[in-house]
Every structure is written in C-alpha cells, then in structure tokens.
1. Can you pull out the residues in region 32-87 that are surrounded by fewer than 18 Cβ atoms within 10 Å (Cβ to Cβ) and of a type in the set (S, T, N, Q)?
2. Here are some residues: Ala138, Ala162. Which one is closer than 22 Å to Gly55 by Cα and away from ligand 2 (no atom under 16 Å from the Cβ)?
3. Regarding Val140, is this residue within 22 Å of Asp184 (Cα to Cα), of a type outside the set (D, E, K, R) and modelled with pLDDT of 95 or more?
4. Can you find a residue in region 93-108 that is over 21 Å from Pro35 (Cα atoms) and within 15 Å of ligand 2 (Cβ to nearest atom)?
5. Which one is nearest to the chain's Cα centre (by Cα) among residues in region 124-149 that are of a type in the set (A, V, I, L, M), under 24 Å from Asn45 (Cβ atoms) and outside any loop (DSSP other than H, G, I, E, B)?
6. Within region 111-122, is even one residue over 20 Å from Thr192 (Cβ atoms), of a type in the set (A, V, I, L, M, F, W, C) and crowded, with 20+ Cβ neighbours inside 10 Å?
7. For region 177-189, indicate whether the set of residues that are within 18 Å of Asn45 (Cα to Cα) and at pLDDT below 95 is non-empty.
8. Under 7 Å between Cβ atoms, at least 6 apart or on separate chains: pull out the pairs that start in region 136-152 with a residue that is free of Cβ contacts under 8 Å to residues at least 60 places away in the same chain and end on any residue that is among the hydroxyl-bearing types (Ser, Thr, Tyr) and within 16 Å of ligand 2 (Cβ to nearest atom).
Amino acid sequence: MTASFAAGPSDPTVQPVPASVVAQVDAADTTLHNPKRAVISLGANLGNRLETLQGAIDALEDTPGVRIKAVSPVYETEPWGVEPGSQPSYFNAVVVLKTTLPPSSLLERAHAVEEAFHRVRDERWGARTLDVDIVAYADVIDDDPHLTLPHPRAHERAFVLAPWHDLEPEAQLPGRGAVADLLDAVTREGVTPRKDLELHLPE
Ligand code: A4P
Ligand code: MG
C-alpha cells in the first residue's frame, strides 16, 4: 500500500485509510512473502492420545498458509501444575512449522484444532483431549495475555524443551536463551521418551 493512497486522494467521497490499517496490511504483506518459523507444543491426556496428536498435526497442515517442517518424538509426561495422581499422564510433542499467518491467526487456528478434538475448557490446567500452544513465533517477544510470546511457561517445562531439543539442538527460545541450556536447568523427572510410538509428517 502506498503512502499517497494512505494520505487519501482528492476525491472527497473516498475516505483516507487510517495509518493503523496501512501498517497492518503492510505487515500482512511482508509475512506473505516471508513465511515465519513457529514452534508449537501439543499435549493430550484424555482419549486416544497418540491419534489425537497425529490428528492435530494433520489438521495444522491442512491450514492454508501453514506447512509443517518437523515433528518431534513422543514423550509421556506427568501432569504439570496439579496434584500428583489426580490426572492421567500426557503425551507431549513439538512441531516446527513455517507460516504466512500472523501470530493471532495461528492462535485462532490452534483453538479451532483444539475444538475439533472436543477440547472442553473448565478448569485451568484441567485434563484435556488436546492442548495446542504457540511456544515461539519467529523472534517475537510480546507480553499480551491473549497471546504471550514466547509461551510464558515454555522455558521451565521439560515436556516442551526435550522434544524441541530433539528436533533442533541449536534452537533458541527468544528472550530466554538456548533450549539446550534451559533443558539442563530443569528436571526431566516424569518426562519419558516413548520410543515405541511415532508421529509422522503429514503425507
Ligand atoms: N495464551 C496466551 N499465550 C499463549 C500461547 N503462547 N499459546 C492464552 C497458546 N495460548 C496462549 O489457554 C488459556 C489462554 O492462554 C488462551 O485463551 C490463550 O489466549 P487454554 O489453552 O485455554 O487453557 P490452559 O491450557 O488450561 O491454560 P494455560 O495457562 O495456557 O495452560 P498451559 O500453560 O498451556 O498448561 N502437563 C504436562 N505434563 N503436559 C502438558 O502438556 N499442559 C498444561 C497446560 C498443564 N500441564 C501439563 C500440560
Ligand atoms: Mg493452552
């Protein structure tokens, strides 16, 4: 969008485009020509956990403007943040994708995928068929509670860091440092690789 158009032509019936809209359209244009890398964490502790995780990967790939690049190994993990023994264990995995969607649209899509797998939101950290979180989007750092980037708890969770490190040993979590160092600093207790299980890239 050009500045002269934004400033408004002389025809009085044509309203000038507000600068904020110009900025948004320009940002969307830039993303379209320059796909961004995002890291997504998947978790399930109800239902058929492996099938759900694979279904979520396939559904993300079916999103226009999203291409899955890598899928991590599967980990079986003790529920974090709740009384031990009060919930079934999770299966967790991480995917790396490239996307032309801006972060807000990627989050909308993540929620739609959760809903497709009958996710019910009743209590925070409650058991769920599927959780799809955006761990990181390019090098964006943003403390907006609706979409905090990177994910505000990713740096302290072995169930996110371990599968991500398997995929990308050199990865950096924006604002937090090397994933390898973060992983060294947290306990891996209760985070077990399930080498007998496998998720795959969508066909
Ligand atoms: N939100 C803000 N930033 C983000 C982000 N980067 N990615 C907002 C995704 N969502 C983000 O999330 C609540 C709100 O967070 C959303 O509406 C979104 O706008 P939610 O998915 O509705 O609820 P939640 O997941 O129960 O809450 P929360 O606080 O996001 O929980 P977490 O931190 O995702 O933890 N234990 C094991 N072993 N494995 C797990 O996967 N997951 C959780 C959920 C707890 N314990 C776990 C696991
Ligand atoms: Mg969540």
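The values are calculated or read from the model by the stated rules, or taken from the named source; none is laboratory data. Everything quoted here is computed from the prediction, not taken from an experiment. Using ideal geometry, Cβ is built from the backbone for each residue, glycine included, and neighbour counts are taken over all protein chains shown.
1. Asn34, Asn48, Ser86
2. Ala162
3. So Val140 does not fit the description; no.
4. yes
5. Taking region 124-149 and keeping what is of a type in the set (A, V, I, L, M), we get 127, 130, 132, 134-136, 138, 140-141, 147, 149.
Next, from what is left, pick out any that are under 24 Å from Asn45 (Cβ atoms): 127, 130, 132, 134-136, 147.
From what's left, outside any loop (DSSP other than H, G, I, E, B): 132, 134-136.
Values: Val132: 6, Ile134: 2, Val135: 5, Ala136: 6 Å.
Here the residue is Ile134.
6. yes
7. Yes, that holds for at least one residue.
8. Listed by first residue and then by second, the contacts come to Asp142/Thr148; Leu147/Ser104; Leu149/Tyr137.
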